[in-house]
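If you scroll down you'll find the structure; I have some questions about it.
Readers should treat all values here as calculations from the given coordinates under stated rules, not as data from a laboratory. Quick caveat: nothing in here was measured; it's all calculated off a predicted structure. Cβ placement follows ideal geometry from the backbone for every residue including glycine, while neighbour counts extend to all protein chains displayed.
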């Protein structure tokens, strides 16, 4: 069987991706189910692309995709940190990452996001304020599992 290979520009690097691993559209739940059974080595290279499927949590694929993404909290760190930067203007994506994805991560792995979330909470961009990312960031910081961050 011939597997079609596509090149995807992900965060400044060309990654060869077998297009049968990626969801075809926002209704492709079967692709998410297939990803759950793959070895980590096959999923890690396509994490940036998979992360885009939670840009709108209302898409049917978004909630199931969270189950895939939560397994890769360590590998997602650089991509999520980029998304949380003020230069990134997809503020709705930031909202869903903070409110839906990050709560699935272990407390230990969350510490890397502290500065970014505090910046959004205290000094949001116009877009972050408009999309209420600052509110969700403040709420996230107030959660009991972040009490250890005060140190």
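Would you kindly calculate the mean projected area, averaged across all directions, of the convex hull enclosing the Cα atoms of region 70-112, in square nanometres?
Taking a quarter of the hull surface, the average projection is 2.8 nm².
Moving on to the next point. For the peptides 87-96, 30-39, what is the packing order when you average, over each peptide's residues, the other Cβ atoms within 10 Å and list the highest mean first?
Put in order of decreasing packing, that is 87-96, 30-39.
Sticking with this one: Compute the Rg to Rh ratio over region 58-151 from the alpha carbon atoms, using the Kirkwood formula for Rh, and round to two decimal places.
Using Cα coordinates only, the ratio equals 0.94.
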